[in-house]
Amino acid sequence: MVGMTGKRTTTAEKADQAERAGAREAVRPVPRGFGLTANGYGSLSRQFPSTPRGARLARRSVVRQLGHWGFGPMTDATCSVALVVAELAANAVCHGRLRGRNFHVRVDYEGPASRFRIEVSDAVLGRTPEDPKLPPDDQESGRGLFLVECLASRWGWEPRNPIGKTVWAEVAAVRPDGEG
């Protein structure tokens with residue numbers, strides 16, 4: 001057989017080359033650009049405009065980042081984190097919007113603890129989250145924090161310095177490859 005170099009290679013030589021290539025693959029370092037740190041941590045921190053489009057962009061950016069961390073778009077962890085981000089971002093846009101101010105999303109993956117910590121910050125402190133309860137069946141909205149409470153192991157809010165508040169939630173993260 002003639003290879004790309006024009007040299008003839010035997011089947012044994014090809015098997016040897018494949019074995020060496022496999023050895024190189026095994027020791028190849030994990031890419032660091034968008035991936036996790038060597039000890040299994042990752043973080044995304046970004047601001048978005050306080051608009052419905054900004055809330056959609058926040059959810060999409062988080063799903064894309066989770067893909068870089070090895071969580072496919074249809075895994076349970078990604079779907080849970082995406083829903084929590086979507087609900088908290090929608091609340092920031094609807095209830096925490098201040099003209100000329102963006103909202104901030106931070107998602108931390110803590111591999112050793114097998115969890116995500118999601119934080120969404122807005123510029124209004126006066127409207128703090130209430131205890132989630134289901135609204136009447138005929139009401140179209142009001143279920144966001146109830147969904148967050150169902151998906152998160154813990155959630156809460158805290159004042160943000162210098163202005164506003166941060167609503168946070170922690171979501172369990174089982175790695176799709178069975179590592180966490």
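Data table
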| read-out | value |
| --- | --- |
| Residue in region 120-128 that is under 17 Å from residue 55 (Cβ atoms) and open to solvent by 40 Å² or more (accessible area, probe 1.4 Å) present | yes |
| Residue pairs meeting the criteria (Cβ under 6 Å; at least 6 apart or on separate chains; first aromatic (Phe, Trp, Tyr), in region 28-47; second modelled with pLDDT of 80 or more and open to solvent by 70 Å² or more (accessible area, probe 1.4 Å)) | 34/68 |
| Segments classed as strands (runs of 3 or more DSSP E), wholly inside region 22-133, with at least 2 members that are of a type in the set (Ser, Thr, Tyr) and modelled with pLDDT of 95 or more | none |
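The values are calculated or read from the model by the stated rules, or taken from the named source; none is laboratory data. All values reported here derive from a predicted model rather than from experimental measurement. Because the Cβ atoms are built from the backbone with ideal geometry, glycine has one as well, and the counts that use them run over all protein chains shown. These area figures cover heavy atoms from the full protein model, side chains too; ligands, DNA and RNA do not enter into them. Shrake-Rupley method; radii C 1.70, N 1.55, O 1.52, S 1.80 Å.
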